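The structure appears right after this line, and notes come after that.
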Amino acid sequence: MNQSINRSILKALIFASFVLCSVVLLYGISRVFYYFNTGADRSTMLPQFSEIKDVYNPSYSWNYSDPECEKKPDTIFLNKLTRDYLNAFYSFNSSQRTSKSIGLKDYFIDPIYGKMEQYLADNKKNKIRVESTSLSHHMNITYFSNDAQVIRFIDSNVLEYNRIYRGEKPFSEKYNWSNYEVVMKLENGKWKIRQFDKISIQPPINNTSVTLATDSTDFIRVENGTFYLKDKEFQVKGINYYPQNFPWNRFWKYYDEKIIKDDIALIKKSGLNSVRIFIPLQQFDDPKTFDDNFLHLQHFLKTCAKNEIYVMITLFDFYSTYQTMDWTFCDRHIEKLVKPLANDPTIMAWDIKNEPDLDFKNHPKEYVTSWINFILTQMRTYAPNQLITIGWSNLKDAENFINGVDFISAHYYLLPEDFAKQYATLKSLTPNKPIVIQEYGTHSYNSLYFPDSRTIWDQEAYYKSIHEEFKKASMNHYMAWTLYDFKSIPNEVVGKLPWRKKIQQNFGFIDKNGNVKPAFKYVAPNYDKIVKKKINRDRYNLFYFMSLFVFLILIIFVILLGFYVAKIKAKVNQ
Amino acid sequence: MINKKAHLFYTLFVISVYLLGCQSSPMKFTHTAILRHINYEKNLKAGDTFYIKTVIDGLSKSNTVQLHIRNSYGVETFSPIISKNNYVFKIYSQANRRKGIAEFFITVENKLLHEGKFYVTEDTTRTNFIVSYVGPKFLIPNVIPAVSALSIPVDSMDNAISIKDTFDYYETDTKGILRTFPKQKKIGSASYYFEPKYIKGNYMMSAQYRESSSKLYAIHTSSDAALNYEFIISGYNGLADGYQLIHFKTDQIVDKYANIIPDGTLVNFTIIDREGHHYFTKTTTINGYAEADITQPERPTVWRVVSNIDNIATSSGVKLNFDYPIDSIHYELKDYKVNIAPVYTKLGYLIADGTQVNFIITHTNNKKTYTFSSQLKNGISYVVFNKDLYPKGDYSLQIEILGVRSKVTNFKI
């Protein structure tokens, strides 16, 4: 009996190994066949040039100061020339960052190219690298050949940012205005640089003379540590908002005007005066979706304006690279988005980034802080009337850039009893700027299986305590997280793990059935007006006991199955 | 002995721990460097050996002091020559050879101690060569009539030299060598827009600054678009003889600056006859002339002839009449043999060999017509009927050559 069982096992093993070998062999043959059937791309016969990446998009202008020239460059010509010139800058900056000369030859003619290669080799040897980008160019053509083959221009007031590293740490970081003398020549259909001399540099002048709106009193402003709207003090009593069915990046994709209208009316009815929303970079950067999304944003602001709800807009959501080379791309993004909305008083503030301090772990800190500094500067020029802040993930990190923002924003998810101390420390550093707790709260996810289970009563207790702490600390500005429990959330938010997702789905004040949770009474001044019926839910509800029962049945079934298998084995051995 | 071994092991252990410690956390140097003095030239001439002399206090020999110079093309790193607390950086490399502004950074243990900038000017004492761009190399009056030039005199390190002295452009013209001066002199280059060229031919251009000259550039000026022209006709005799060649020849075709148009320019001759049929012949010009031959028609008609160069120039039209080439046909019919007498044109020469002769035989009663043809040779034709092919009866015969018909002769079969 034993021998026959062993023989059967052996047969099964041989068969399985045969199948496995066949699969591996077939896969191998198919890869070889694939390899010999894929050749070089025929288009590579033509000259290939490494193209500028979409991320590098500095502002530029062309002027013309050669009255003698008979042929004037037209728009199509200038577009091509601009692309090649900026490509050259991009390649040069990339090369300095990586100490590799890839792409340089496409844009620089010898002897310049040869010399640049020498510099790069030297940098590699000495572990020098330069993170740099140029943010604006102002080209003035001084010569343009009659056959449109050679052009000479002065690129003046090139706003450059440089961070020079030796090893891992930077030893210099600065902005400069530089002037370049440039001669470019058309070779093989490509404009290449023949002369490239930096003739002067100077530190940029901080241009603080921004144009304010004619009636800037309509905007919320900060005076002596207090928010003001017209002549009245304004206390931020707000909430972070996503529609219940479309949170995070689904918000703008599935924007529904009716839902927004109803939700904003609900927020108004509850006695809150502000909302915080998020602008995912990708959706508002893609030219295919920008127009639709921007119209949705305008509708959202209009709906809020009708309800006298003020909006805090968080920019650059789901952006986390902070590369110097991205700066121009980020600049174009805010220019396109913020500039047209700069005179809208419904916008209480622009929050330039949500929890950038969490990226200190993933990137060198100077990458993040330099990026923030740059975006802050640009935001001041695009939105001079509106307030600017940064949404730090905790009160400690909110100490960064306290001079650069109009008010401090921080998130607080720690124990209520620790709040007062941390708040006092931050407040002592910036007495003349208000502090907004931009996110705080706790979830009410009640689970048998997963850790950190809480109920709506736990949530209520938390809000009660934290608001008492707010009161004690004289902290008047808050934006709770968040209005709704969500039916589902994208994986990009907290990953795929169900216990994380479930928790994040249950931070709201209104559950999936539309019931208002008791914690909302501490946040919403008019809580009673919006509650239809009181919610009555315990940790140990029917679902809880049913789950427990099923779980026990399963365990018993497994034990019985074990016994049964052991019994059969014993019989076989006999 | 045991103590010695123990001591040795202990020493090795200590060394190992120390080395491991160094491995896991690199040795950190600390310093309290103070730059007491710095001396350097702020304006340099390219190629000069250059020193940045510093006195730095608070450093030990183990501290790393470096100088980094950043100019248009990149960053270069230098180490100092140290004597006590004097740190002298000797610079003789690209950093002091490249014209333009350069920033420098003195670092101690990779931390910035001091930064500054200096300007490198070109070596004006010697012009190495002139980098020139002249274009276009091929001119067409009224389309691209003028050449422009950009010249950059450079020193031996390829730095553009600021032009302070006379800068000359030379060009050969119909009058000889001309010397001109650039109207625009820029910081590091000169540019010049030459006078437009309207006379066909080759021109040479070059630039000179101090003792250096640029390459010599050859510019070719082509002729402009052809003007309208006329053509003359020869060989025309007014007869539709299908033989005589008519010769068309244009005037010398020129542009508005009297430049002869390029050889090989395609010229069309278009003929439209009385019936509205179009005929074309194409030819090309040599030295501005275009010539073409065409055979006269075989039927009397009227030709309107016009010449043109596609969408550029055209001639006025010429009308040609073609009449019957012969007056009458003489023949003899005997024993079903037809003998045509030599046929002469109106101008008295024999009709060309191969000219078709049509015989038209008509039955007198039923009016049924039979035709056949032959060809003339030496102006005559001789034909014999095969009477078995025709039914018996009375017939009439008429002969037609080049559209002219003979008198009718009756006969019987």
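The values are calculated or read from the model by the stated rules, or taken from the named source; none is laboratory data. All figures in this text were calculated on a predicted structure; none of them were measured in a lab. Cβ: placed from backbone, ideal geometry, glycine included. Neighbour counts: every protein chain shown. We work out accessible area using only protein heavy atoms, side chains counted, and drop any ligands, DNA or RNA first. Shrake-Rupley method; radii C 1.70, N 1.55, O 1.52, S 1.80 Å.
The table below lists the values:
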{"item": "Percent breakdown of C-alpha pair distances by 10 Å bin, ordered from the shortest bin, for the range B:242-365", "result": "10, 31, 23, 17, 10, 5, 2, 0"}
{"item": "Over the range A:381-501: Rg over Rh, Cα atoms, Kirkwood Rh", "result": "1.02"}
{"item": "For the range B:266-413, with +1 on Lys and Arg beta carbons and -1 on Asp and Glu, the positive-most of B:Val305, B:Thr284, B:Phe359 along the dipole", "result": "B:Phe359"}
{"item": "Charge tally in the Cβ shell below 11 Å around A:Met348, where Lys, Arg are +1 and Asp, Glu are -1, A:Met348 excluded", "result": "-1"}
{"item": "Nearest-0.05 FRET efficiency for A:Val565 and A:Asn6, computed from C-beta distance (R0 22 Å)", "result": "0.70"}
{"item": "Placed amide H near B:Lys368: partners under 5 Å, 5+ positions off or other chain", "result": "B:His363"}
{"item": "Cα pair distances exceeding 13 angstrom across the range B:338-402, given as percent", "result": "65 percent"}
{"item": "Of every Cα-Cα pair in chain B, the percent that sits beyond 40 Å", "result": "62 percent"}
{"item": "With Cα atoms, 0 to 90° folded angle of helix B:2-24 axis to chain B main axis", "result": "40 degrees"}
{"item": "Burial of 40 Å² or greater, the range A:151-186 residues [accessible area, probe 1.4 Å, versus chain by itself]", "result": "A:Arg152, A:Ile164, A:Arg166, A:Phe171, A:Lys174, A:Glu181"}
{"item": "log10 of Debye I(q)/I(0), alpha-carbon scatterers only, for the range A:231-324 at 0.11, 0.19, 0.22, 0.25 Å⁻¹", "result": "-0.34, -0.90, -1.14, -1.38"}
{"item": "Solvent-accessible area, 1.4 Å probe, carbon plus sulfur percent, for the range B:275-413", "result": "48 percent"}
{"item": "Net lengthening on full extension, B:Thr270/B:Glu195 (0.36 nm per residue, minus Cα-Cα)", "result": "23.0 nm"}
{"item": "Kirkwood-based shape ratio for the protein assembly as shown, expressed as Rg/Rh from alpha carbons", "result": "1.21"}
{"item": "Local net charge near B:Pro262, Cβ-Cβ under 13 Å (Lys/Arg +1, Asp/Glu -1)", "result": "-2"}
{"item": "Calculated FRET value between B:Arg179 and B:Asn85, using beta carbons and R₀ = 45 Å, to 0.05", "result": "0.15"}
{"item": "Size of the range A:438-495 as Cα extents on the principal axes (Å, biggest first)", "result": "37, 25, 16"}
{"item": "Semi-axes of the equivalent ellipsoid for the range A:397-443, Cα gyration tensor, largest first, Å", "result": "19, 12, 8"}
{"item": "Lysines whose Cα lies under 20 Å from that of B:Lys117, excluding same-chain neighbours fewer than 8 positions away", "result": "A:Lys174, A:Lys198, B:Lys42, B:Lys45, B:Lys53, B:Lys90, B:Lys99"}
{"item": "Radius 15 Å from Cβ of B:Ile34, net charge of other residues (Lys, Arg +1; Asp, Glu -1)", "result": "+1"}
{"item": "Largest to smallest principal axis extent of the C-alpha atoms in the range A:260-301, angstrom", "result": "37, 15, 11"}
{"item": "Whole-number percent relative contact order across chain B, with pairs defined as alpha carbons under 8 Å at least 6 apart", "result": "8 percent"}
{"item": "√(5λ) per eigenvalue of the Cα gyration tensor, the range B:217-296, largest first, Å", "result": "31, 12, 10"}
{"item": "Kyte-Doolittle mean at least -1.0, axial Cα span of 27 Å or more - DSSP H helices of chain A", "result": "A:2-36, A:75-98, A:287-306, A:542-573"}
{"item": "Global size of the range A:148-192 as Cα Rg and Dmax, reported in angstrom", "result": "15.8, 45"}
{"item": "Residue of B:Ile326, B:Ile34, B:Ile401 that the Gaussian network model of chain B assigns the largest fluctuation, springs spanning Cα pairs under 10 Å", "result": "B:Ile34"}
{"item": "Using alpha carbons only: equivalent-ellipsoid semi-axes of chain A, gyration tensor based, whole Å", "result": "51, 42, 22"}
{"item": "Chain A, relative contact order in percent, only Cα pairs under 8 angstrom and at least six apart counted", "result": "11 percent"}
{"item": "Distant-in-sequence amide H partners of A:Phe278 (H built 1.01 Å from N, under 5 Å)", "result": "A:Thr314"}
{"item": "Separation of alpha-carbon centers, the range B:136-160 and the range B:28-80, rounded to whole Å", "result": "42 Å"}
{"item": "Inter-site label distance for B:Tyr344 and A:Ile14 at 7 Å from Cα along Cβ, in nm", "result": "11.8 nm"}
{"item": "Gyration tensor verdict on the range B:44-95 (Cα atoms; rounded if a/c is under 1.5, prolate if a/b is larger than b/c, oblate otherwise)", "result": "prolate"}
{"item": "Distance between modelled label sites at A:Ile402 and A:Leu552, nm, 7 Å Cα→Cβ extension", "result": "5.7 nm"}
